[in-house]
Amino acid sequence: MTPANIIDAGDVLVVGAGLAGLYTALKLSHRPVTLIASAGTHKGSSSFWAQGGIAAAIGADDSPDLHTEDTIRAGDGLVDETIAALLAHNAADRLKDLVDFGVPFNKDLNGGLALGREAAHQRNRIAGVSGDRAGREIMKCLGQLAESSPSINVLGGFIAYELAIEDGRVVGVFADTGKHPFGTTLIKARAVILACGGSGYLYATTTNPQFANGAALAMAARAGASIADPEFVQFHPTAIHGMGDPAPLATEALRGVGARLINARGEAFMSAYHDEAEMAPRDIVARAVFDEIQKTGSVGLDLRGQIAETLDEKFPTVADYCKKGGVDPRVSPIPVAPAAHYHMGGIKVDQNGRTSLPGLWACGECASTGAHGANRLASNSLLEALVFGARIAEHIDFTVPVRAASSPQPPMLAPSTTIQQVMPAMQKLRDCMARHVGVVRTREGLEEAFMQLFRLERIASGTPDLSNMVLTALMITAAAYEREESRGSHFRSDYPNKHAIAERSTLTLDDARAIASQACTIDHDAEQHQKETGTGQLMA
């Protein structure tokens with residue numbers, strides 16, 4: 001199929017306009033950059049909704065080595081220690097970049113950066129903005145800079161769905177505008193950077209917007225890229241329950257200043273799950289909240305007292321959510337539940353953000369650098385985007401080829417339906433992932449997920465949005481099926497213990513399909529045996 005339109009981006013193409021994409025584009029703005037911003041540069045990404053801030057060991061009682069130590073501990077045995085150290089030791093410089101860009105960070109009484117504390121950090125090292133509005137203020141500032149830069153061409157309204165390949169090298173992307181009549185646009189470039197977010201929207205309950213649907217991972221996997229640690233999906237323990245899709249977030253910083261989690265019986269329960277109670281690592285808090293909801297019916301975040309009285313001033317985002325949802329935190333706890341929040345896994349990259357495909361780099365949540373391991377340390381995600389955005393920019397300056405290729409092979413997918421037409425199937429996928437590949441996983445549940453995903457894949461044939469969502473869901477499920485242990489954010493109730501040796505997972509799309517096919521064959525054989533012998537009960 002020949003694309004209806006061709007755009008020659010020339011030098012560098014950045015796909016995604018969250019923090020990773022905007023910052024990387026700005027670091028490359030001494031040369032021509034084209035930025036695909038499917039929903040604009042302000043609200044179309046998860047970065048906009050980030051409440052906590054950026055972790056940086058700049059306090060008098062802190063050090064990059066302590067930050068590295070906390071990152072490694074939170075990652076539950078799977079953090080690449082070299083990457084963790086690189087992250088921590090570059091944090092101060094990257095924070096200074098944002099200050100120089102004009103980001104209005106919170107200040108202390110002496111005029112320095114005010115530093116807060118979040119779970120699993122030994123020190124106060126979270127630099128926030130406007131209380132709990134870090135994401136939106138940073139995005140506002142960087143978005144304005146990108147839009148006003150004469151060397152950055154912002155393409156709005158395009159949705160990239162497949163990589164363009166020529167002789168094994170990535171030479172651009174195929175994109176759709178979502179408008180009738182359906183048509184494909186080829187956007188060519190000498191270097192392509194995927195920075196289009198994570199996979200949270202694959203789950204029925206998530207804090208992520210609709211654009212965080214795993215498209216970047218799927219695009220890379222379909223082209224043959226290596227994917228690392230896709231089974232590790234972080235569930236934020238305190239998404240505000242019953243207030244929309246995506247679910248608004250009650251920032252972890254609330255627990256950092258003393259908010260407590262209580263169950264339906266009014267009992268504070270976290271001390272029974274971990275010595276650090278509310279300040280335990282996120283995966284432990286998320287499972288504890290999930291467990292208490294199963295046992296008692298609900299969980300609330302108790303802010304009553306001083307926290308609630310100063311909520312408008314110190315946590316205006318959460319205060320707004322409460323007002324809109326009809327919750328008065330001065331009187332009653334905020335209802336919360338775990339929600340898919342951050343994908344530690346993603347496209348495998350090296351220290352320079354380079355993927356296994358020539359011509360392709362990845363940055364931000366869609367990438368897997370090894371910094372987060374099995375469980376991301378709070379407020380390390382925005383930092384990772386900054387550190388690797390800077391490294392990618394520097395690396396591309398030395399490695400981009402002189403000429404752009406001109407004749408990529410045709411795309412495998414082609415827009416043929418609107419998102420509205422496949423919404424019922426998308427909801428089935430999200431329900432499947434929440435039920436079978438969520439906070440608690442089992443072999444039987446994962447096998448059921450495989451069967452549902454195969455059915456959805458047949459429905460999705462040729463539809464880019466749904467096809468990419470199914471593919472990424474398959475990668476997550478296959479890795480979760482193979483990891484027969486519980487570690488970090490990945491919890492298998494049928495394998496509750498850890499292996500003695502921690503190993504990262506790396507797989508391709510072919511690997512994932514083989515794992516899923518074998519699992520479904522085993523399950524089919526078991527059902528056939530039950531049918532022949534009259535034992536057990538067939539799956540409906």
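The values are calculated or read from the model by the stated rules, or taken from the named source; none is laboratory data. Only a predicted model underlies this, so the values are computations on that prediction, with no experimental measurement involved. Please note: Cβ atoms are built from the backbone with ideal geometry, for glycine as well, and neighbour counts cover all protein chains shown. The accessibility values were calculated without ligands, DNA or RNA, using every heavy atom of the protein model including side chains. Shrake-Rupley method; radii C 1.70, N 1.55, O 1.52, S 1.80 Å.
Entry comment: accessible area of the chain is 39 Å² per residue, from protein heavy atoms only and a probe of 1.4 Å. Amide H contacts of ASP8 (H built 1.01 Å from N, in plane; Pro and chain starts excluded): LYS188 sit under 5 Å, all sequence-distant by 5 or more or on other chains.
Computed from backbone phi with θ = phi - 60° and the Karplus coefficients 6.51, -1.76 and 1.60, the 3J(HN,Hα) list for the range 117-123 is 10, 10, 4, 6, 9, 6, 10 Hz; x is used for glycine and proline. The simple spin-label model puts a point 7 Å past each Cα toward its Cβ; for HIS274 and GLU484 those points are separated by 2.8 nm. Rg ratio for the range 306-455: its Cα radius of gyration over 2.2 N^0.38 Å, N being its residue count, equals 1.47. Of the solvent-accessible surface of the range 409-466, computed with a 1.4 Å probe and all protein chains present, 54% belongs to carbon and sulfur. Split the chain at each of the GluC sites (Glu not before Pro) in a DSSP loop with at most 16 other beta carbon atoms within 10 Å, and the longest piece is 1-266.
The portion of the accessible surface of the range 65-223 made up by carbon and sulfur, rounded to a whole percent, is 47 (1.4 Å probe; DNA, RNA and ligands excluded).
Each residue of the range 486-496 is assigned a 3J(HN,Hα), and the resulting list reads 10, 8, x, 6, 8, 10, 9, 5, 8, 9, x Hz, derived from the Karplus form 6.51 cos²θ - 1.76 cosθ + 1.60 (θ = phi - 60°), x at Gly and Pro.
Exceeding 22 Å between C-alpha atoms, which entries from my cross-link table qualify? They are LYS107/LYS314; LYS27/LYS314; LYS140/LYS314; LYS324/LYS428; LYS107/LYS140; LYS27/LYS140. Listed pairs above 22 Å: LYS27/LYS314; LYS324/LYS428.
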